[in-house]
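This report refers to the structure that appears directly beneath it.
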Amino acid sequence: MAAPGENLRINSARLWDSLMEMARIGPGVAGGNNRQTLTDADNEGRHLFRGWCEAAGMTMGVDTMGNMFFTRPGADPDALPVYMGSHLDTQPTGGKYDGVLGVLGALEVVRSLNDLGVKTRHPIVVTNWTNEEGARFAPAMLASGVFAGIHTEEYAKARRDLDGMVFGEELARIGWVGDEVTGARKMHAMFELHIEQGPILEAEGKDIGVVTHGQGLWWLEITLTGKDAHTGSTPMHMRVNAGLGMARITERVHQIAMSHQPNAVGAVGQVKVFPNSRNVIPGKVVFTVDIRSPEQAKLDAMKAEVIRAAHAVAAELGLGCSIEEVGHFDPVTFDPGLVAAVRGAAERLGYSHMDIVSGAGHDACWINRVAPTTMIMCPCVDGLSHNEAEEISPEWAAVGTDVLLHAVLETAEVVA
Ligand code: HGY
Ligand code: MN
Ligand code: MN
């Protein structure tokens with residue numbers, strides 16, 4: 001069905017101004033952002049976003065996990081709302097657009113509907129999901145995971161960061177514990193606009209990624225225990241070196257991912273070495289293995305091979321080895337009807353597009369469990385993300401948000 005008002009476009013300059021203003025909150029050290037979840041910077045960004053949404057005539061609801069929902073009324077108050085959104089929290093060395101484009105792009109859709117005087121039958125809700133990144137409090141997509149019934153609120157609120165701070169206490173400290181039961185809201189549909197965070201769209205010269213699937217993920221936190229000892233006076237044959245074990249397992253993770261090409265990735269991104277002193281052989285290392293694939297069989301095989309390799313390396317070196325599953329979701333298939341609405345909008349607007357699988361995890365991956373959900377992607381420069389140099393063009397931001405506008409209009413049903 002053709003979307004009404006095919007000539008409708010969002011206000012690109014206003015969207016870009018909002019992205020740049022939000023980027024000034026929680027600045028990084030190299031032009032990006034460090035606006036980690038539940039920090040004072042996150043709180044500041046939440047208040048800026050709230051002010052913008054209320055100025056656009058929307059009313060706020062907040063749930064017990066701090067997820068923020070802003071509602072634009074529809075002609076039929078009994079119709080389930082059409083949601084769109086993403087996350088405002090960033091990596092410690094994050095970019096200005098990861099998550100933020102999806103939240104502020106959704107706000108721009110509402111601002112544009114207001115400008116154009118367009119009414120919809122279904123209400124529309126703009127959303128900011130708490131702690132998508134999982135950088136400070138693992139796992140990623142924590143609050144959308146509680147919303148979708150994947151995690152209990154008790155588990156989520158007990159999560160600790162590297163300094164031992166507790167999620168629930170930090171959420172209360174910044175004043176964002178809402179009164180809505182997390183997960184009580186029902187959705188007609190959910191759209192998430194996001195930068196690709198990979199190189200495919202730019203390399204293929206496509207402005208829009210029609211996201212059909214999301215790859216699955218395991219985060220395995222491995223703890224190796226050996227023996228602290230002097231790096232100078234301890235003979236090599238007497239060492240019980242947890243750091244060496246971590247290095248060997250990291251190499252095995254890479255080899256396992258390479259053995260499952262194409263469509264498999266693996267790395268170790270977070271390592272805590274104890275006592276982390278230059279002249280002490282580490283007696284303990286805690287590190288997280290991140291493995292992913294869009295193919296269930298490959299994901300399962302890689303997990304089994306990593307666990308086997310970790311125990312084998314630990315045995316070779318006389319190390320203790322424990323493994324905790326701190327993050328997981330199976331490969332995701334997004335709603336075919338909504339995927340078609342995104343593809344149709346891109347075609348009608350004359351934007352170049354291609355089907356794509358999301359390499360990164362997103363809140364949409366969990367919300368897909370409880371409501372029809374899909375994603376829209378725009379390119380990013382060199383596919384770079386989770387890096388302060390992350391960059392997109394104003395044109396890419398506008399094109400992605402135009403497609404979001406038209407896919408949402410088709411789904412929320414325009415009324416005269
Ligand atoms: O880890 C991820 O894929 C997401 O960026 N949190
Ligand atoms: Mn993201
Ligand atoms: Mn991210």
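The values are calculated or read from the model by the stated rules, or taken from the named source; none is laboratory data. Here the structure is a predicted model, which means the values were calculated and not measured. Here the Cβ positions follow ideal geometry from the backbone for every residue, glycine too, while neighbour counts run over all protein chains shown. Just the protein is used for accessible areas: all its heavy atoms, side chains included, with ligands, DNA and RNA removed. Shrake-Rupley method; radii C 1.70, N 1.55, O 1.52, S 1.80 Å.
Quick one: which of 203, 267, 247 is open to solvent by 40 Å² or more (accessible area, probe 1.4 Å), of a type outside the set (D, E, K, R), within 16 Å of ligand 3 (Cβ to nearest atom) and at pLDDT 95 or above? Just a single option satisfies the conditions, and that option is 267. Selection of the stretch 361-381 for residues being part of a loop (DSSP other than H, G, I, E, B) and either farther than 19 Å from residue 396 by Cα or modelled with pLDDT under 95 (or both) yields 361, 362, 368, 369, 370, 371, 372. Scan the stretch 303-337 for residues that are of a type in the set (A, V, I, L, M) and under 22 Å from the mean Cα position of the chain (by Cα) and the total you get is 2.
Of the residues 137, 191, 167, the single one that is within 16 Å of ligand 3 (Cβ to nearest atom), in contact with a strand residue (DSSP E or B) (Cβ under 9 Å, 6 or more places away or on another chain) and open to solvent by less than 10 Å² (accessible area, probe 1.4 Å) is 137. Given the criteria in contact with a helix residue (DSSP H, G or I) (Cβ under 8 Å, 6 or more places away or on another chain) and open to solvent by 40 Å² or more (accessible area, probe 1.4 Å), does residue 159 qualify? In short, yes.
Conditions tested, residue by residue: (1) more than 16 Å from ligand 1 (Cβ to nearest atom); (2) surrounded by fewer than 24 Cβ atoms within 10 Å (Cβ to Cβ).
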position	(1), (2)
335	yes, yes
355	yes, yes
360	no, yes
379	yes, no
390	no, no
394	yes, yes
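With the condition kept exactly as written, say whether any residue in the stretch 274-293 is closer than 30 Å to residue 341 by Cβ and either modelled with pLDDT under 95 or in contact with a helix residue (DSSP H, G or I) (Cβ under 8 Å, 6 or more places away or on another chain) (or both). So far as the stretch 274-293 goes, yes, one or more of its residues are closer than 30 Å to residue 341 by Cβ and either modelled with pLDDT under 95 or in contact with a helix residue (DSSP H, G or I) (Cβ under 8 Å, 6 or more places away or on another chain) (or both). All of 193, 162 fail the test of being more than 16 Å from ligand 1 (Cβ to nearest atom) and of a type in the set (A, V, I, L, M), apart from 162. Listed here are the strands (runs of 3 or more DSSP E) enclosed by the stretch 1-117 that have at least 1 residues being open to solvent by less than 10 Å² (accessible area, probe 1.4 Å) and either within 16 Å of ligand 3 (Cβ to nearest atom) or in contact with a Cys (Cβ under 8 Å, 6 or more places away or on another chain) (or both): 68-72, 82-86. Checking each residue in the stretch 108-164 for being closer than 30 Å to residue 398 by Cβ, among the polar types (S, T, N, Q) and more than 16 Å from ligand 2 (Cβ to nearest atom) picks out 112, 114, 120. Looking across 399, 339, one residue alone is away from ligand 2 (no atom under 16 Å from the Cβ) and either open to solvent by 20 Å² or more (accessible area, probe 1.4 Å) or closer than 22 Å to residue 88 by Cα (or both). It is 399. Applying the set (1) within 16 Å of ligand 2 (Cβ to nearest atom); (2) open to solvent by 50 Å² or more (accessible area, probe 1.4 Å) to residue 364 leaves exactly one unmet item: (2).
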